[in-house]
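Since the structure comes first, as structure tokens, the remarks are kept for the end.
The values are calculated or read from the model by the stated rules, or taken from the named source; none is laboratory data. Please read these numbers as outputs of a predicted model, since none were measured by experiment. So basically every Cβ, Gly included, is an ideal-geometry build from the backbone, and we count neighbours across all protein chains shown.
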Amino acid sequence: MKRFYEAEIDTFLRDYNKMVFVSGPRQVGKTTITKHLLTDQQYYFNWDYSEDKKYIITEHDRLFTNLVALKSHHKPRIALDEIHKFHDWKNLIKGFYDKFGNQIEFLITGSAKLNIYKKGGDSMMGRYINLTIHPLSVAEIVGSHTPSLINTIHHIPQDDFDNLMKFGGFAEPYFKNSEKFHTIWSKQRFEQLVREDINNIEDIHNIDTLELLAMLLKDQICSITNYSNLANKARISEQTTRRWCILLEKHFYCFSIKPWSQNVTRSLIKSPKYYLWDWSQLPDEGQRYENFIASHLYKAVTYWNETGLGQFALHYLRDKEKREVDFVVIKNNQPWFIVEAKSSNNTITQNLKYFHNLIKPQFSFQVMKYASPIEVSCFDKPGIWVVPASSFLSQLV
């Protein structure tokens, strides 16, 4: 399956004369996308391979000189995968880019958030564009993605929708469509994430406790995070708990959203909610569905920001009277639309009505898990609406 990210990365490389940082969770498809963008696979180098590692460090001058000497209508292109695992990676690729950036296109990929990574030396600001690869979504599966904010509605077959909910958006388990394979894949991926990706890079003295914290965090998905409770159960300090939660975000285990406080009387100010990048790991169907919606919205907001379509943010709504709505999408610092994820009950909730009248977004949606698809765009008329998840999500990214 060709991911729409390929066209975006290709445009970034050809038109902007900057390095492109491509990051995303382990096994989300970064390597496949990268190799599709290279005309010759020999210009793909992975830091996890000892031969590639040695070549990057000791033979790069000869490599780049040979690349520059190639005769082509376009600049040659090279991909350096997982190079953030080198302790001085930023200085290394900064030197590559400063010397050869006008003659070679550099694609840097990794399974950690490269644009916030603190290890390394001089700032890379102004030398790169960042693009985050997310798991498959309804819009990608039905092919409705366009380079705009909102797509036209496309209908996803019910079986495909159910499989996406059940097996998650990582391509291999989704297309395998096998519970046994999904179980094996999930266990291996989690162990590799914690014991290889994180343990080999971060200064963690007790990786077993970090693994425990990651499992405990699953119990608080979709809820306001109680760091004190997590710390007590993991038997670590609250400060360490907060720091490790940020670390788990950096390595794409989870992501967090914070409450929106502007125009909300007596709102919560700081407490985040966490969601998993792989919603299929949640056994509770209600949690999984809310995480499913959160992941689609987070993917859309991230993509819109990174491709220059505006300034967007994803938050939740809750006040001290415990009135709450799951999500609000902010566009240019103003509420654009709010979303309440519901598995059943077509009656618009009182909380959705309350926040719709309070913060006055353009749209408010009660997104139903199982409802008949519609033909008219969910974004056709401003107001408050009950919409089917399959139709609503097909109009995102």
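Just checking: which of the helices (runs of 4 or more DSSP H) contained wholly in segment 212-307 hold 1 or more residues that are in contact with a strand residue (DSSP E or B) (Cβ under 6 Å, 6 or more places away or on another chain)?
Values: elements: 227-234, 238-250, 285-306.
Output list reads 238-250, 285-306.
Kindly indicate whether GLY126 is within 22 Å of the chain's Cα centre (by Cα) and on the phi > 0 side of the Ramachandran plot.
no
So, in segment 360-397, how many residues would count as being under 27 Å from VAL264 (Cβ atoms) and outside any loop (DSSP other than H, G, I, E, B)?
14
I'd like to know if segment 195-209 contains one or more residues that are on the phi > 0 side of the Ramachandran plot, assigned by TED's automatic domain parsing to the domain that holds TRP277 and more than 21 Å from the chain's Cα centre (by Cα).
no
Residue under question is ASP88, and the condition is that it be among the charged types (D, E, K, R), surrounded by fewer than 18 Cβ atoms within 10 Å (Cβ to Cβ), in contact (Cβ under 8 Å) with a residue 12 or more places away in the chain and in the same structural domain as THR39 (by TED's automatic domain parsing); does it hold?
Taking the combined requirement at face value, the residue satisfies it.
If we scan segment 249-258, do we find a residue that is assigned by TED's automatic domain parsing to the domain that holds PHE355 and over 17 Å from the mean Cα position of the chain (by Cα)?
No: zero hits.
Which residue pairs have Cβ atoms closer than 7 Å, lie 6 or more positions apart in sequence or on different chains, and pair a first residue in segment 369-397 that is within 16 Å of SER344 (Cα to Cα) with a second residue that is outside any strand (DSSP E or B) and aromatic (Phe, Trp, Tyr)?
Note: pairs meeting the criteria are LYS369/TYR289; SER390/PHE161.
Looking only at segment 244-267, which residues are at pLDDT below 95 and of a type in the set (Gly, Ala, Ser)?
SER261, SER267
From the list SER391, SER344, SER364, SER377, which residue is in contact with a helix residue (DSSP H, G or I) (Cβ under 8 Å, 6 or more places away or on another chain) and of a type in the set (Ser, Thr, Tyr)?
SER364
Please go through segment 195-214 and give me each residue that is among the hydrophobic types (A, V, I, L, M, F, W, C) and surrounded by 14 or more Cβ atoms within 10 Å (Cβ to Cβ), ordered by number.
First pass over segment 195-214, keeping only residues among the hydrophobic types (A, V, I, L, M, F, W, C): 198, 201, 204, 207, 210, 212-214.
Hits for segment 195-214 are ILE198, ILE201, ILE204, LEU210, LEU212, LEU213, ALA214.
Kindly establish whether ILE224 is among the β-branched types (Val, Ile, Thr) and either in contact with a Gly (Cβ under 8 Å, 6 or more places away or on another chain) or more than 30 Å from GLY29 (Cβ to Cβ) (or both). So that I can check it myself, show each step before the final result.
Numbers: among the β-branched types (Val, Ile, Thr): yes; either in contact with a Gly (Cβ under 8 Å, 6 or more places away or on another chain) or more than 30 Å from GLY29 (Cβ to Cβ) (or both): yes.
For ILE224, the condition - among the β-branched types (Val, Ile, Thr) and either in contact with a Gly (Cβ under 8 Å, 6 or more places away or on another chain) or more than 30 Å from GLY29 (Cβ to Cβ) (or both) - is met.
Is there a residue being crowded, with 22+ Cβ neighbours inside 10 Å and under 23 Å from THR152 (Cα atoms) anywhere in segment 342-356?
Yes, that holds for at least one residue.
Checking the conditions here, which among LYS322, LYS331 is more than 14 Å from LYS218 (Cα to Cα), over 16 Å from the mean Cα position of the chain (by Cα) and without any contact (Cβ under 8 Å) to a residue 12 or more places away in the chain?
None of the others qualify; the one that does is LYS322.
Could you identify the single residue in ASN357, ASN345 that is assigned to a helix (DSSP H, G or I) and not basic (Lys, Arg)?
On inspection, the qualifying residue turns out to be ASN357.
In segment 155-201, what residues are in contact (Cβ under 8 Å) with a residue 60 or more places away in the chain and assigned to a loop (DSSP other than H, G, I, E, B)?
Across segment 155-201, the qualifying residues are HIS155, ILE156, GLY168, GLY169, PHE170, ASN200, ILE201.
Just checking, does segment 278-293 include any residue being crowded, with 22+ Cβ neighbours inside 10 Å and closer than 19 Å to LEU210 by Cα?
yes
Out of curiosity, is GLN334 more than 30 Å from GLU6 (Cβ to Cβ) and in contact with a Cys (Cβ under 9 Å, 6 or more places away or on another chain)?
Spelling it out, it is not the case that GLN334 is more than 30 Å from GLU6 (Cβ to Cβ) and in contact with a Cys (Cβ under 9 Å, 6 or more places away or on another chain).
With at pLDDT 95 or above and under 18 Å from ILE257 (Cβ atoms) as the only criterion, which of PRO382, PRO361, PRO388 stands out?
PRO361
Show me the helices (runs of 4 or more DSSP H) found entirely inside segment 1-112 where at least 2 residues are over 20 Å from the mean Cα position of the chain (by Cα) and not charged (D, E, K, R).
Passing ranges, in order: 5-16, 50-58, 60-68, 89-100.
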